[in-house]
Every structure is written in C-alpha cells, then in structure tokens.
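One structure is given here, and the rest of the page talks about it.
Taken together, the values in this text are just the output of simple stated rules run on the coordinates, not laboratory data. Just so you know, these numbers come straight off a predicted model, no measurement behind them. FYI the Cβ positions are ideal-geometry reconstructions off the backbone, even for glycines, and counts take in every protein chain you see.
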Amino acid sequence: QDHVCSLAKVPFRGAPCSDAAGHQVPYGEIMKQVNSSLSVVLWDEEQKSPFYEYKDSFGHFHQVWFDDPRSISLKAAHVKNRGLRGIGMWNGNSLDYSKEAVAEQQTEAMWQALTP
C-alpha cells in the first residue's frame, strides 16, 4: 500500500500514544535528509503533519513524521481558536541553534509558528 510503513511490535515503554520502535531525529537532520528522500515531503491531511520516506544503505524502507512551521501553526491556531490555555511540544532542543543562516531561518520559523 502506498505510504504505509509497518513498524515492529515492541513492548510499551510507558508513554501514551507512542511507538517504542521509533526514535527521535533532530529537525536540522530531517531538513537535510528530506531533500534526498524517495518522496520529498508528503502531507497527511488527517494528521495535519508532514512526513517523508527513504531507504537506508541496507535497502530498508523508513518513514519519518515530523512537525514543520505549517503543522505547528495549524496546531497553535487550533489551540487559540478553541480558547485553550497552551500548547506543548516534545522538546525544542531538537532544533538547530547553530549560526548557519539556513538553520537560523528554520529555527526562527518554527518558533514563530507557535504564535498564530
């Protein structure tokens, strides 16, 4: 089936709605890898989130889901429109805080997306 990535079943690790088979990848690494992916960026309309697909050097298929300024701003707008008190994130230190121009732009765009 197109764009379906099956994950190995692993024991639950105590975090609701998580999959212990996956792992976190820094945003800067995602932005570098997405350009060489099989799919470039795809969008899931139901989740309102981007993802991409790639094959590793062993030929194994992978799917990476992430947030970007578009998905963050949609979530932040939903919080604001519903009159909710805030929004949470997994962690902000996955952004690239180096002084590279592209990294600075990406990081600024992500933080700006939190204020619709």
Per the rule of 0.36 nm per residue minus the C-alpha distance, extending Leu114 to Phe58 adds in nm 16.4 nm
Relative contact order in percent for the range 27-114 (Cα pairs under 8 Å, 6+ apart) equals 23
Over the range 27-114, the quotient of the Cα radius of gyration and 2.2 N^0.38 Å is 1.20
For Arg85 and Gln105, extending 7 Å from Cα along the Cα-Cβ vector and measuring point to point gives, in nm, a value of 3.9
